[in-house]
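Trainee: What follows is a structure written as structure tokens; I'll ask about it next.
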Amino acid sequence: MKILSFVLALFVFIGCGSEKKEAPKPAVVKVSFKIDGMVCSSCEKSIESKLTKIEGVKSVNVSQENGDAEVEFDASKISEEKLIAGISELGYKAAVKSAQQ
Ligand SMILES: [Cu+2]
């Protein structure tokens, strides 16, 4: 019986090891940010050019009408927090609206 339980323990041990694999985080994500304070199309432009210059940002689509920005970026290079900080530096209030991967 001791051998049997040892073999069982070994299987459990090996089983646990193989379950440790985690799905790799997709590098490029698309996140919508809600932005308060945009009043004209040059607001769109300034946010767009600011975000586009940030390393890791793939595409930016700012809409003053909707009060939001859709940003596609490499999550391994830049975080949502840093993008929000970048928008805040221009004097606008930003928050994550929705994220899809
Ligand atoms: Cu403006």
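Trainee: Name the single residue, out of those in region 60-76 being touching a residue at least 12 places away in the same chain (Cβ under 8 Å) and over 17 Å from V96 (Cβ atoms), that is nearest to the ligand (Cβ to nearest atom).
Mentor: Of everything passing the filter in region 60-76, Q64 is nearest to the ligand (Cβ to nearest atom).
Trainee: Which of (1) within 16 Å of the ligand (Cβ to nearest atom); (2) closer than 16 Å to K97 by Cα; (3) open to solvent by 20 Å² or more (accessible area, probe 1.4 Å) is the odd one out, the single condition S49 does not satisfy?
Mentor: Failing condition for S49: (2).
Trainee: Filter region 84-95 for residues that are out of contact with any strand residue (DSSP E or B) (no Cβ under 6 Å at 6 or more places or on another chain) and hydrophobic (A, V, I, L, M, F, W, C); which is least open to solvent (accessible area, probe 1.4 Å)? Let's see the steps before the verdict.
Mentor: Residues of region 84-95 out of contact with any strand residue (DSSP E or B) (no Cβ under 6 Å at 6 or more places or on another chain): 85-86, 88-91.
From the residues that got through so far, the ones that are hydrophobic (A, V, I, L, M, F, W, C) too are 85, 90.
Working: A85: 46, L90: 69 Å².
Per the criteria, the residue is A85.
Trainee: Considering only region 78-101, state which residues are at pLDDT 95 or above and under 11 Å from the mean Cα position of the chain (by Cα).
Mentor: At the first step, the residues of region 78-101 found to be at pLDDT 95 or above are 78-96.
Result: I78, S79, E80, E81, K82, L83, V96.
The values are calculated or read from the model by the stated rules, or taken from the named source; none is laboratory data. This one's a predicted model, so the numbers in the text were calculated from it and none came from an experiment. Here Cβ is always computed from backbone atoms with ideal geometry, including for glycine, and neighbour counts include all displayed protein chains. The area values use the complete protein model at the heavy-atom level, side chains included, leaving out ligands, DNA and RNA. Shrake-Rupley method; radii C 1.70, N 1.55, O 1.52, S 1.80 Å.
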